[in-house]
Structure formats: structure tokens, C-alpha cells
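*Asks:* Quick one: the structure is below, and I'll ask about it shortly.
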Amino acid sequence: MSTLLDRINNAKSLHWDEAKVGFRDIAPAAIAAVPIGLLFGAVAVGKGLSATEIGLMSAFVFAGGAQFAALESWVHPAPILALAFSTLLINVRHVLMGASLSPKVALTRGQKLRAFFFMTDESWALSERRAMNRPVTGAYWAAMAGALFFSWLGSTILGAVLGSFLGAPERFGADFAFTALFIGLVAGFGQSRVTLVTVAVSAAVAALVHHFIGAPWHVASGALAGIAAAYFTAKES
């Protein structure tokens, strides 16, 4: 009996240790997500969404880039099919990310299907790094993915509440802040020929489609053009 209790206690201690490491690893990303979430909430309120709708979007979509892209294309009535297609294009990378990570996570298939709903670029990268030395446990994943999820969810709702008092974010130039962040991220991707061609073609096509056709088709068009440019440029290299 004492041996069984010792095993249970050891297992609990191990799970807690793994969870603490997960919290520690994701903490910088969870903290960095707060101002972006606040911005999203404020911009979404300016588009006419309520705090409840914003919270539901963050909970059920949980994809910052796709959510901002949806806001960029948001009109009334909302073009559901176009928004869904744009979101699919932006997040289709998660298929490959999930395939890469699946053998390295110590969960059953059913658990993985549920757990990978919470996968982000940050949690995927951290898990891949951890998998170089040891399997990614369920406790590690739950702590890491959960911390980022609730950080994003809470900050977007808070941003919606604050934004409703502050008024339209355009008054403060906040509507451009995430665009500026994306520009900074793209600038850090490197200066390879493939990267430069991909970014240039995607930006040019998106700008032309936005000018001549309008939202939301510029998002999907830019994404498809960027994928094609990356494929053909890499093939020539």
C-alpha cells in the first residue's frame, strides 16, 4: 500500500514539476501577448463587435494573426465564407506543425486532437525544442498552452472593455500598431532570395486586389500569391 502511495505521490510531483517548467517556458510569450490582445480587443470594438463576441472569437478561434486578418476584412454583413477561407489559408501551417510534433508528445491520439487545438507558433516551437532532450508530457503542454490561451483570452476581453470607453482606436493610431508589429516580424525573417520574393509578391498582389476589388479578398489573394512565389522561387534555387 505504501509503495502504491509513493508511486502516486511521485507521479503527482513529476506532473507538477513538468507544469512548472511549462509555465516558465511560455511566460515571456504569455506576457508579450497581453498588449497585442488589448489592441485586438480595442480594434474589434471599433469594428462593432461586443466584448462577448470578442471573447467568443478568442476562445473558439484562438489565432491572433487570423483574428486580426478577419478584422481587416470585417464588413457588415460579415462575409462568412471569405473569412473562413482566409483563416484557413493563414492557419494551414498548423497541419504540418501538428504532424511534426505529434510523435513527440506523450498523449493518446484523442488527447492530441484536443490538445492541439491550443497549439500556437510559440507552443509548437517550445515543444520542439524540449523534444530534443525528452518527450513532451501532457502536464508540460497543458501548462504552457493553457497559460498562453488564458493570457490571450483575458487581454482581448479587457481590451474590448477599455476600447469601448476610449472610443475608436484610429484616434490614437492604435489601428496601425499590429500592422507595424507584422512589418517588424517580417523584417526579421532574413534577407534570403526566397523570403524577399515571397514578401514582395504577396504584398503587391494584396495591395492590388484591395485597391481594385476590396476586402476581404486581398488577404486570401496575398496569401495564395505568397505561397506560389515561395514554391517557385525555392524550386529555382
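The values are calculated or read from the model by the stated rules, or taken from the named source; none is laboratory data. Just so it is clear, the structure is predicted and the values come from calculations on it, not from any experiment. Note that each Cβ is placed from the backbone with ideal geometry, even for glycine, and that neighbours are counted across all protein chains shown.
*Asks:* What's the total number of residues in segment 147-175 that are surrounded by 14 or more Cβ atoms within 10 Å (Cβ to Cβ) and either in contact with an Asp or Glu (Cβ under 8 Å, 6 or more places away or on another chain) or modelled with pLDDT under 85 (or both)?
*Replies:* Final tally of qualifying residues: 8.
*Asks:* Could you go through segment 3-14 and let me know if any residue there is over 18 Å from Trp124 (Cβ atoms), modelled with pLDDT of 85 or more and either over 23 Å from the mean Cα position of the chain (by Cα) or in a helix (DSSP H, G or I) (or both).
*Replies:* no
*Asks:* Another question about this same structure. Lys104 is checked against (1) farther than 18 Å from Leu153 by Cα; (2) out of contact with any strand residue (DSSP E or B) (no Cβ under 6 Å at 6 or more places or on another chain) and fails just one. What number does that condition carry?
*Replies:* For Lys104, the exception is condition (2).
*Asks:* Of all residues in segment 25-45 being farther than 28 Å from Arg129 by Cβ and of a type in the set (Val, Ile, Thr), which is surrounded by the fewest Cβ atoms within 10 Å (Cβ to Cβ)?
*Replies:* Among those that are farther than 28 Å from Arg129 by Cβ and of a type in the set (Val, Ile, Thr), it is Val45.
*Asks:* Could you count how many residues in segment 85-104 are of a type in the set (A, V, I, L, M, F, W, C) and either in contact with a Lys or Arg (Cβ under 6 Å, 6 or more places away or on another chain) or under 19 Å from Phe60 (Cα atoms) (or both)?
*Replies:* Number satisfying all stated conditions: 6.
*Asks:* OK, next. Which count do you get for residues in segment 194-229 that are aromatic (Phe, Trp, Tyr) and over 18 Å from Ala66 (Cβ atoms)? Quick ask: steps written out before the conclusion?
*Replies:* Taking segment 194-229 and keeping what is aromatic (Phe, Trp, Tyr), we get 212, 217.
Still in the running and over 18 Å from Ala66 (Cβ atoms): 212.
The qualifying residues number 1.
*Asks:* Considering each of Ala78, Ala70, Ala82, Ala106 in turn, give the residue that is in contact with a Ser or Thr (Cβ under 9 Å, 6 or more places away or on another chain), modelled with pLDDT under 80 and of a type outside the set (Val, Ile, Thr).
*Replies:* Selected residue: Ala82, the only one of Ala78, Ala70, Ala82, Ala106 that is in contact with a Ser or Thr (Cβ under 9 Å, 6 or more places away or on another chain), modelled with pLDDT under 80 and of a type outside the set (Val, Ile, Thr).
*Asks:* Given Gly48, Gly110, Gly65, which one is loosely packed, with under 12 Cβ neighbours inside 10 Å and either in contact (Cβ under 8 Å) with a residue 24 or more places away in the chain or of a type in the set (D, E, K, R) (or both)?
*Replies:* On the way: Gly110 fails: either in contact (Cβ under 8 Å) with a residue 24 or more places away in the chain or of a type in the set (D, E, K, R) (or both); Gly65 fails: loosely packed, with under 12 Cβ neighbours inside 10 Å.
Result: Gly48 is the single residue among Gly48, Gly110, Gly65 that is loosely packed, with under 12 Cβ neighbours inside 10 Å and either in contact (Cβ under 8 Å) with a residue 24 or more places away in the chain or of a type in the set (D, E, K, R) (or both).
*Asks:* When both residues are 6+ apart or on different chains and their Cβ atoms are under 9 Å apart, which pairs have a first residue that lies in segment 145-163 and is on the phi > 0 side of the Ramachandran plot and in a helix (DSSP H, G or I), and a second that is modelled with pLDDT of 95 or more and crowded, with 17+ Cβ neighbours inside 10 Å?
*Replies:* Within 9 Å, no pair qualifies.
*Asks:* Suppose we filter segment 113-137 for residues that are touching a residue at least 60 places away in the same chain (Cβ under 8 Å) and either farther than 24 Å from Gly64 by Cα or of a type in the set (D, E, K, R) (or both); how many remain?
*Replies:* Counting residues in segment 113-137 that are touching a residue at least 60 places away in the same chain (Cβ under 8 Å) and either farther than 24 Å from Gly64 by Cα or of a type in the set (D, E, K, R) (or both) gives 3.
*Asks:* Mind listing just one residue for me: the one in segment 183-218 that is among the β-branched types (Val, Ile, Thr) and at pLDDT below 70 and, of those, surrounded by the fewest Cβ atoms within 10 Å (Cβ to Cβ)?
*Replies:* Applying the first criterion (among the β-branched types (Val, Ile, Thr)) to segment 183-218 yields 183, 186, 194-195, 197-199, 201, 205, 209, 213.
Next cut, at pLDDT below 70 only: 183, 186.
On the way: Ile183: 11, Val186: 14.
Across segment 183-218, the extreme among qualifying residues is Ile183.
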